[in-house]
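Engineer: Once you've had a glance at the structure underneath, I'll fire off some questions.
The values are calculated or read from the model by the stated rules, or taken from the named source; none is laboratory data. Here the structure is a predicted model, which means the values were calculated and not measured. FYI the Cβ positions are ideal-geometry reconstructions off the backbone, even for glycines, and counts take in every protein chain you see.
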Ligand SMILES: Cc1cc2nc3c(=O)[nH]c(=O)nc-3n(C[C@H](O)[C@H](O)[C@H](O)COP(=O)(O)OP(=O)(O)OC[C@H]3O[C@@H](n4cnc5c(N)ncnc54)[C@H](O)[C@@H]3O)c2cc1C
């Protein structure tokens, strides 16, 4: 049985930063993540994509942000259960929560913080014949390292931020040829990213194929082309070393949906005082929670983590006085 003060479900940026804020209050943390590495979406979906809205970092790659967070929390010696999914929760006679993973690892803590982001990752796959033959052989659902696409002919499908952002990034001197295929003429992504894509198309730096869908994949052993069907103009074949359908991740809360928490559209309802759920002692922060005015941004999750640990401290030590001290005064005193 792994015992800790705060058991964090999800080692994305918000779960990781919780360790730091909890550590300042001398609370120990342990994290569970179904992925084999920490970092959540930042390391799984877009490690090499720059982020521009982390305070004091005008630009930082998502993977580097994860590394920096790991460095920042190292003094507080968090424990990790990686590659295991938090599955069951129960309470013992002393009022502590017991969380068991799909592999049977048991964790015990008075406080649970759910920082499960989008839930367990599952990319939405298009229903195309023979698709599985080309998976990891030219068809990828996540771009982990853009260098993989250097000098290659890449077709990207999708109309959201991931498709737009990666189109812009790969067209910027990485891939030999980038084609963006979208089934509508309008895009769901950020207007700024849409504009960048339009500018690239106008400058002839990408092929923009709208009102079209990829309907077939072909190649001898590895992907060589995709067939595209236009709503009115019939089909055409596009040469491709890679096809990256970015249709999002199906938002599956997974087992957490059965934890008797108030759920609203796949998100966990919390109050805005301390981001506690309807179950006292269980908090939810980051992309997984919802409240009026919620923004799914990393810095908002950092704020939620900071307030949440103050409340957790008071739950664990109701008789202790908690005084806010600046790190410049107190320093960062890690655990032995
Ligand atoms: C392409 C893209 C670009 C983005 N750009 C920006 C940006 O520029 N700025 C910004 O602020 N935000 C950006 N975001 C959003 C940002 O990545 C999220 O807000 C952030 O990752 C949320 O962090 P989190 O810790 O709440 O959750 P996540 O990063 O989603 O991590 C949650 C973790 O929980 C784990 N998990 C879930 N359920 C379980 C379970 N039952 N058991 C064990 N583990 C579980 C998952 O495996 C995952 O690792 C972007 C997102 C994408 C996809």
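Engineer: Does residue 31 fit the bill of being at pLDDT 95 or above, in contact with a strand residue (DSSP E or B) (Cβ under 7 Å, 6 or more places away or on another chain) and within 11 Å of the ligand (Cβ to nearest atom)?
Structural biologist: Spelling it out, residue 31 is indeed at pLDDT 95 or above, in contact with a strand residue (DSSP E or B) (Cβ under 7 Å, 6 or more places away or on another chain) and within 11 Å of the ligand (Cβ to nearest atom).
Engineer: Another one. If residue 74 passes every condition in (1) in contact (Cβ under 8 Å) with a residue 40 or more places away in the chain; (2) over 24 Å from residue 256 (Cα atoms); (3) within 11 Å of the ligand (Cβ to nearest atom) but one, which one does it miss?
Structural biologist: It fails just one condition, (3).
Engineer: I've got another one for you. Between 265, 252, which is surrounded by fewer than 15 Cβ atoms within 10 Å (Cβ to Cβ) and within 14 Å of residue 116 (Cα to Cα)?
Structural biologist: The unique qualifying residue is 252.
Engineer: From the list 66, 81, exactly one residue is within 13 Å of the ligand (Cβ to nearest atom), within 26 Å of residue 169 (Cα to Cα) and either touching a residue at least 12 places away in the same chain (Cβ under 8 Å) or touching a helix residue (DSSP H, G or I) at 6+ places or on another chain (Cβ under 6 Å) (or both). Which is it?
Structural biologist: Numbers: 81 fails: within 26 Å of residue 169 (Cα to Cα).
None of the other options fit; the residue is 66.
Engineer: Could you list all residues from segment 262-300 that are part of a loop (DSSP other than H, G, I, E, B), touching a residue at least 40 places away in the same chain (Cβ under 8 Å) and more than 12 Å from the ligand (Cβ to nearest atom)?
Structural biologist: 277, 281
Engineer: So, in segment 9-28, exactly how many residues are more than 8 Å from the ligand (Cβ to nearest atom) and touching a strand residue (DSSP E or B) at 6+ places or on another chain (Cβ under 8 Å)?
Structural biologist: Summing the residues that are more than 8 Å from the ligand (Cβ to nearest atom) and touching a strand residue (DSSP E or B) at 6+ places or on another chain (Cβ under 8 Å) in segment 9-28 gives 6.
Engineer: Looking only at segment 230-264, filter to residues that are more than 18 Å from the chain's Cα centre (by Cα) and on the phi > 0 side of the Ramachandran plot; which one of those is modelled with the highest pLDDT?
Structural biologist: This residue is 260.
Engineer: Take residues that are over 29 Å from residue 303 (Cβ atoms) and tell me which of the helices (runs of 4 or more DSSP H) falling wholly in segment 20-137 contain 1 or more. Explain how you work it out, then say what you get.
Structural biologist: Details: elements: 41-44, 62-73, 131-134.
Filter on segment 20-137 gives 131-134.
Engineer: Only one of (1) outside any helix (DSSP H, G or I); (2) in contact (Cβ under 8 Å) with a residue 24 or more places away in the chain fails for residue 162. Which number is that?
Structural biologist: Checking residue 162 against (1) outside any helix (DSSP H, G or I); (2) in contact (Cβ under 8 Å) with a residue 24 or more places away in the chain, the one that fails is (1).
Engineer: Quick check on this structure: which one of 332, 237 is away from the ligand (no atom under 15 Å from the Cβ), assigned to a loop (DSSP other than H, G, I, E, B) and exposed (fewer than 14 other Cβ atoms within 10 Å of the Cβ)? Outline the logic, then answer.
Structural biologist: Values: 237 fails: assigned to a loop (DSSP other than H, G, I, E, B).
Among 332, 237, only 332 is away from the ligand (no atom under 15 Å from the Cβ), assigned to a loop (DSSP other than H, G, I, E, B) and exposed (fewer than 14 other Cβ atoms within 10 Å of the Cβ).
Engineer: Can you tell me which residue in segment 145-166 is nearest to the chain's Cα centre (by Cα), limited to those that are more than 12 Å from the ligand (Cβ to nearest atom) and farther than 15 Å from residue 225 by Cα?
Structural biologist: Looking at the filtered set, the residue picked out is 145.
Engineer: Continuing with this model, one more query. Would you tally the residues in segment 301-312 being in contact (Cβ under 8 Å) with a residue 12 or more places away in the chain and either out of contact with any helix residue (DSSP H, G or I) (no Cβ under 8 Å at 6 or more places or on another chain) or exposed (fewer than 10 other Cβ atoms within 10 Å of the Cβ) (or both)? First the steps, then the outcome.
Structural biologist: Of all residues in segment 301-312, those in contact (Cβ under 8 Å) with a residue 12 or more places away in the chain come to 301-302, 304-312.
After this cut, where a residue has to be either out of contact with any helix residue (DSSP H, G or I) (no Cβ under 8 Å at 6 or more places or on another chain) or exposed (fewer than 10 other Cβ atoms within 10 Å of the Cβ) (or both) as well, the list is 307, 310-311.
Total meeting the criteria: 3.
Engineer: Further question on the same structure: Residues to consider are 97, 52; find the one that is in contact (Cβ under 8 Å) with a residue 40 or more places away in the chain and either surrounded by fewer than 20 Cβ atoms within 10 Å (Cβ to Cβ) or more than 15 Å from the ligand (Cβ to nearest atom) (or both).
Structural biologist: Working: 52 fails: in contact (Cβ under 8 Å) with a residue 40 or more places away in the chain.
Of the residues listed, the single one that is in contact (Cβ under 8 Å) with a residue 40 or more places away in the chain and either surrounded by fewer than 20 Cβ atoms within 10 Å (Cβ to Cβ) or more than 15 Å from the ligand (Cβ to nearest atom) (or both) is 97.
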